Amino acid sequence: MKALITGGAGFIGSHIADAYLAAGWEVLVADNLHSGKMENLDPAARFTNIDICSPEFPHYIMDSKPDIVVHAAAQISVSFSVREPGFDAKQNITGPLDMCMACVRAGVNKIIFSSSGGTIYGEIPGEPATEDHPFAPMSPYGISKMAFEYYLRFFRNEYGLDFTSLRYGNVFGPRQDPHGEAGVVAIFSKMILNGKTPTINGDGKFYRDYVYVADVARANLLAAEKGAGRAYNIGTRKATDVNEIYRLVADAAGFDGAPDYGPPRPGDLRRCVLDISRAAAELGWQPQITLEQGMQHTVDFFRSQTQPRDAS
């Protein structure tokens, strides 16, 4: 069986590629290396440097004829989507629609879509959101994720192209980019290991559902055989605020200093936590890595990246 991973040199995509390789699949990776990195890739994956929005990409799909496409490529910056909604729509809707048509023509069986529970539901003040929670995206990025889910339903109904949509919580782990608009775990890890004091925005009481990247990759592998035409939340059902994330990262790094506090970021949601009952029941998926274990793995990864190599 052959799987094509779009964005497969990126943070999440490369872990998905690893999971498919470990399961014995033939793995193709398509990435333009805008944010992906070659060092993230296992050499066993067949890599092609290509943009999913390029005119060549549909031809690439038709030539390679994968059995499934795991679509992890995206414009991922919420703030950039606010500044450039047209570009966001091109990367996250228009280009992927051409990909879907190519999948139909190439006889691809299924698309597994990296969606976003953290942005399509909006504020979730009470119980964790199930997949039936109303959509209330607050950014063009969230809107694009929501819209593409609807397009996938259209392609399934009209052309028989199957799909599974995985709505991630806040994914963290090794290989995450600690620069720019990245996950707070990566930012805190890199800063603390470099002897800098992180700044927490506002009071730090912003609650999210943090899920380890290897668990996310495993959900993508399970979705290859299950979850036809369905959407699943991929998280932990646990609310963790930024203050606790700082404490866990600091403990894993052996740092006992207090953080700095700055002004809150406009538009930040106070709470977004996901109910994962459907994924447990239908995919047989639950997170296996605890938050503490994941933090230690992540800090250890960034420590290995920052330590100077032995010159001898």
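Every read-out reported here was derived from the displayed coordinates using simple, explicitly stated rules and does not represent laboratory data. As the structure is a prediction and not an experimental result, all values here were calculated from the model. Please note: Cβ atoms are built from the backbone with ideal geometry, for glycine as well, and neighbour counts cover all protein chains shown.
Some observations on this one:
- Contour minus Cα-Cα distance for Val104 and Thr290 (0.36 nm per residue): 63.1 nm
- Student exercise, region 230-269 dipole from Lys, Arg, Asp, Glu Cβ charges, in Debye to nearest 20: 380 debye
- The rule of thumb for compact globular proteins, 2.2 N^0.38 Å, goes into the C-alpha radius of gyration of the chain 0.97 times.
- Three-way shape call for region 103-180 based on the alpha-carbon gyration tensor, with the a/c threshold at 1.5: oblate
- Cα convex hull volume per residue for region 151-201 (Å³): 117 Å³
- Residue-wise HN-Hα coupling along region 135-148, computed from phi with Karplus coefficients 6.51, -1.76, 1.60 (Hz; x: Gly, Pro): 6, 8, x, 10, 9, x, 4, x, 4, 5, 5, 4, 4, 5
- Computed helical MRE - 222 nm, the chain, DSSP H runs ≥ 4 contributing -39500 (n - 2.57), nearest 500: -11000 deg cm²/dmol
- Neighbour-limited loop hits for GluC sites (Glu not before Pro), region 214-312 (at most 13 other Cβ within 10 Å; DSSP other than H, G, I, E, B): Glu225
- Across the chain, Cα pairs under 8 Å and at least six residues apart give a relative contact order of 18 percent.
- Rounded to the nearest 20 debye, the dipole size of the chain about its Cα centre is 160 debye, using +1 on the Cβ of Lys and Arg and -1 on the Cβ of Asp and Glu.
- Its Cα centre serving as origin, region 186-266 has a Cβ charge dipole (Lys and Arg +1, Asp and Glu -1) of approximately 300 debye.
- The order of Lys205, Lys110, going from fewest to most other C-beta atoms within 10 Å of their C-beta, is Lys205, Lys110.
- Take the Kirkwood radius over Cα pairs of region 135-219, plug it into Stokes-Einstein at 10 °C and 1.306 mPa s, and you get 101 µm²/s for translational diffusion.
- Residue exposure proxy: His71, His34, His297, ordered by other Cβ atoms within 10 angstrom of their Cβ from fewest to most, comes out as His34, His297, His71.
- Degrees, to the nearest 10: 291-306 long Cα axis against longest axis of the chain: 90 degrees
- Farthest toward positive dipole pole in the chain [+1 Lys/Arg, -1 Asp/Glu at C-beta], among Leu152, Gln91, Ala74: Leu152
- Extension gain, Ala258-Ile93: 0.36 nm per intervening residue step, less the Cα-Cα distance, totals 55.2 nm.
- Distribution of pairwise C-alpha distances over region 183-266, 10 Å bins, in %: 15, 39, 26, 15, 5
- Relative contact order of region 1-90: 34 percent, from C-alpha pairs under 8 Å at least 6 residues apart in sequence.
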